[in-house]
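What follows is a single structure, written as structure tokens, with notes after it.
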Amino acid sequence: MSIWTDLIDFYKNFSGVTPALKAASLAQWIVESARGTSVLATQHLNFGGIKFRQRMQGYADPVDYRGSDGELTTYCKFSSIEAFVRGYWRFISSGPYDDYRSYENDSAAYLRYIAGQGYATDRDYVAVVLRNLAEAERELAQNSPSTSIARAFRVAIVVGHNRRSPGAFAGSPINAHEFQFNQGVAQSIKDEAWHYNLEAETFLREPSASYGEEVKAVYDKVKDWGAGCSLELHFNSGQPSARGTSVLCRRDIGRPRALAESCRTSTVEALGLRDRGVVLVDRSDRGGGSLYALDDVPGVLLEPFFGSNSDDCLTIASLGPKTLALAYLRGVRSWVESAIS
Ligand SMILES: [Zn+2]
């Protein structure tokens, strides 16, 4: 095994970006690293000719290297293949290329975009890279022993309520209904999931004449997508004095309860609000429609705080939706790991 085949094997199973972006970036790395044989690649695991920038702090170490242009420049040194892949996408998503997702289904458009934003100075860069696109696509499609490694575990994010009936309201400084607030949390979960080797997708409920039909429709989509588990996002509401975090799950089977415990632990730890524990729900209870919708996809319903309590709202507003997103992802991650081991 060479570092080049290691890179391809790792990248085949990487789920952080679309297939079109994977092929485009691998085609770049074919060119930039001469298939993993450049000095930058062999000594520093930098297959992309990525120069060091402040924003790469924590993703790479700076190393001085004389580039093909003869100039001594500070490049990125990566500690592993995985660190390189994550570093490359850090470099793209945080810099002048941060609109790259607009091109995520078109390899050539992505390459034109980043070249135009200054990734390379060579005028022919896009054409040179595109000549290697077919090879990159072939490499990523090929079967190898490593493709038997499971793809990233899939987490379905169901946003509670719908646009017509948006759920409870959280007062100042949040000033939003559940449906609106949790779409922000869902987006953040989607963006951050790959750091946890998870793949997340958001599912919205479509207003329907019957609550039962509405819930069934969205959970049918969750199942069709191949979800390994589901999180339904809410927040609580009640008397002004009621506060804290609860996680709801169905009563009758064990796997959702373990998932609920794991999410409760990570969320209480991240928010520091009162721990109201895991609430076991019967089919006819509030939330039962969602939690009993699928027998084979463990699901929980998250109520991290009370929108009706001003202290809770203040805490959540100061922590921000990303803190909630990361707490949920940590909860799912440790549940997945405990289920494997
Ligand atoms: Zn709700």
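The values are calculated or read from the model by the stated rules, or taken from the named source; none is laboratory data. Since this is a predicted model, take the numbers as computed values, not measurements. Glycine also receives a Cβ, built like all others from the backbone with ideal geometry; neighbour counts cover every protein chain displayed.
Of note:
- Selected residue (criterion: surrounded by the fewest Cβ atoms within 10 Å (Cβ to Cβ)) from residues of the range 59-93 that are of a type in the set (Lys, Arg) and free of Cβ contacts under 8 Å to residues at least 60 places away in the same chain: Arg66
- Residues of the range 181-208 satisfying the condition of being closer than 27 Å to Gly307 by Cα and aliphatic (A, V, I, L, M): Val185, Ala186, Ile189, Ala193, Ala200, Leu204
- Among the numbered conditions (1) assigned to a strand (DSSP E or B); (2) within 16 Å of the ligand (Cβ to nearest atom), the only one that Thr267 does not meet is (1).
- Phe169 satisfies every condition listed in (1) surrounded by fewer than 22 Cβ atoms within 10 Å (Cβ to Cβ); (2) over 12 Å from Gly307 (Cβ atoms) except (2).
- Residue match in the range 246-261 (condition: away from the ligand (no atom under 16 Å from the Cβ), of a type outside the set (Lys, Arg) and in contact with a Ser or Thr (Cβ under 6 Å, 6 or more places away or on another chain)): no
- Residue selection: Ser15 fails the criterion of being loosely packed, with under 14 Cβ neighbours inside 10 Å and either farther than 23 Å from Trp194 by Cβ or in the same structural domain as Glu135 (by TED's automatic domain parsing) (or both).
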